[in-house]
Amino acid sequence: GAGVSQTPSNKVTEKGKYVELRCDPISGHTALYWYRQSLGQGPEFLIYFQGTGAADDSGLPNDRFFAVRPEGSVSTLKIQRTERGDSAVYLCASSPWGASGEQFFGPGTRLTVL
Amino acid sequence: DAKTTQPNSMESNEEEPVHLPCNHSTISGTDYIHWYRQLPSQGPEYVIHGLTSNVNNRMASLAIAEDRKSSTLILHRATLRDAAVYYCILFEGGNQFYFGTGTSLTVIP
């Protein structure tokens, strides 16, 4: 079956621009997670959705980052006024449940801010 | 968040067993122990998880110490496809995984 998909696979933008990163989770999965991974580091949690609502956004680094999941399926991570330090791979994962359950990861979007 | 400690890197010969250790001395009673691996240029992939008892699946085995302060991921016969970064994660449900930097496994042909 189809796994988690993320688009675009690569995004190059200039400092100060706005970007949107999309995640299509596995159908029926109620939980959705966004992570950010810098080179040589493990993934770092950003935000978690249960259904349409953000249950935990404590990992968002500042108010330039925002994410939505309006219909409880597709999610968009939005970054305003991008900075060079935002360059990383942004990973999305979905899960059919929150506690103890396996998370299924997408291939990620590589964001490069010039 | 409870944290884990893993060696930065390990090597194994192909077709030999591999034991990947993880220390988690601050684990709480409700924390599940999860293992994920990440192949180059891919998202992390679930390997196995457990709470108190040892667990086996088609990919690996998970041995959990009686006091739960450490665990070991066992790959029974390493193949070149097992070369990856392996993450040991404590998860108490709901919100987030804390990945750490993991163990980079090199498999030598």
Take the residues in the range B:4-33 that are crowded, with 16+ Cβ neighbours inside 10 Å and within 12 Å of another protein chain (Cβ to nearest Cβ), then tell me which one is farthest from residue A:103 (Cα to Cα).
B:6
Boolean, residue A:81 is in a loop (DSSP other than H, G, I, E, B), modelled with pLDDT of 95 or more and over 24 Å from residue B:30 (Cα atoms):
yes
Consider the range B:34-54. How many of its residues are free of Cβ contacts under 8 Å to residues at least 24 places away in the same chain and open to solvent by less than 40 Å² (accessible area, probe 1.4 Å)?
2
Tell me, which residue of the range A:64-93 that is more than 11 Å from chain B (Cβ to nearest Cβ) and under 30 Å from residue B:51 (Cα atoms) is most open to solvent (accessible area, probe 1.4 Å)?
A:73
Every residue from the range B:59-109 that is in a loop (DSSP other than H, G, I, E, B) and farther than 26 Å from residue B:26 by Cα:
B:59, B:76, B:77, B:78, B:79, B:83, B:109
Residue list for the range A:30-44, restricted to those being surrounded by 16 or more Cβ atoms within 10 Å (Cβ to Cβ) and hydroxyl-bearing (Ser, Thr, Tyr):
A:30, A:33, A:35
Filter result for residue A:111 (in contact (Cβ under 8 Å) with a residue 40 or more places away in the chain, of a type in the set (A, V, I, L, M), assigned to a strand (DSSP E or B) and within 9 Å of another protein chain (Cβ to nearest Cβ)):
no
Output the residues belonging to the range B:63-109 that are open to solvent by less than 30 Å² (accessible area, probe 1.4 Å), farther than 17 Å from residue B:8 by Cβ and at the interface with chain A (Cβ under 10 Å from one of its Cβ atoms).
B:91, B:93, B:94, B:97
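The values are calculated or read from the model by the stated rules, or taken from the named source; none is laboratory data. Because the structure is predicted, anything quoted here is derived from the model rather than measured. In this analysis, Cβ positions are derived from the backbone assuming ideal geometry, glycine residues included, and neighbour counts consider all displayed protein chains. Side chains are part of the model used for accessible areas, which takes the heavy atoms of the whole protein and leaves out ligands, DNA and RNA. Shrake-Rupley method; radii C 1.70, N 1.55, O 1.52, S 1.80 Å.
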